[in-house]
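Here is the structure we will look at.
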């Protein structure tokens, strides 16, 4: 498809397990972002990748969170030893480049529930 | 530290009338503002944006107004349609921060037929 694709769409797991969330950005988009939306909240920035530059990880809430972007395309967000407060919708976005006036295009998200 | 705030969690208007969604921010260094629309179980969709050097941007039924002195922006939808019913997020960008977006909490707009 032409849009940002995320998988799985839903994930339920037990506290303490590791989870991996996947994002396929729009082809040709060099910038990729991860956000999360907790219940009743706005979107919270987590991390972004731009081309081959070092990622900006300043939004990651703890060292249990990490992300990779392989080959400048697909990205994986990994949460280790999940906690109940990690329950949220995790959204990925991509844009042609970074900079103002470059709208970010979002996927439909992964709804993560930690039991 | 909530730098972007949408103080109205919900708004209900009649079809054909104007919808006005409001957003306040605290960081005077933001140089770009965007509005996104979100339907349930879907990702946010970009709607309209405005540079901090402008005070108005219009696109069809959607107009965004920026008042820098008041650190306030608003989205006007005229005329409102039932299909506009969604959650609207205000977002802001710093030119130096790699284009990360700082979002407000969102406003649920309901347009009644």
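Just so you know, all these numbers are worked out from the coordinates, no wet-lab data involved. Since we're looking at a predicted model, the values are computed, not measured. FYI the Cβ positions are ideal-geometry reconstructions off the backbone, even for glycines, and counts take in every protein chain you see.
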Note: B:39-46 gets an average of partner chain Cβ contacts (10 Å, Cβ to Cβ) equal to 6
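Roughly how compact is chain B, stated as its Cα Rg over 2.2 N^0.38 Å to two decimals?
This ratio for chain B stands at 1.01.
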Give the average, rounded to an integer, of partner chain Cβ atoms located within 10 angstrom of each Cβ in A:32-39. 2
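Mind running the shape call on region B:72-113? Use the C-alpha gyration tensor, a ≥ b ≥ c as the square roots of the eigenvalues: rounded below 1.5 for a/c, prolate if a/b tops b/c, oblate otherwise.
Working: a/c = 3.45, a/b = 2.63, b/c = 1.31.
Note, shape of region B:72-113 comes out prolate.
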Ellipsoid equivalent to region A:44-96 - semi-axes via the Cα gyration tensor, in Å: 21, 11, 10
For region B:83-113 and region B:1-64, what is the separation of their Cα centres, given in Å? 5
Apply the Kirkwood formula to chain A: the hydrodynamic radius equals the inverse of the mean of 1/r over all pairs of different alpha-carbon atoms; give it in Å with one decimal. 14.1
With viscosity set to 0.692 mPa s and temperature to 37 °C, compute the Stokes-Einstein D of the protein assembly as shown, Rh being the Kirkwood radius across alpha carbon pairs; µm²/s, no decimals. 182
Give me D for region A:13-76 in µm² s⁻¹, whole number, from Stokes-Einstein with Rh from the Kirkwood sum over alpha-carbon pairs, 37 °C and 0.692 mPa s. 254
With N residues in region A:1-49, what two-decimal value do you get for its Cα radius of gyration over 2.2 N^0.38 Å? 1.34
What order, most packed first, do the peptides B:40-48, A:68-76 have when packing is the mean number of other Cβ atoms within 10 Å of each residue? B:40-48, A:68-76
Exercise: per-residue mean of other protein chain Cβ atoms within 10 Å, B:100-112: 3
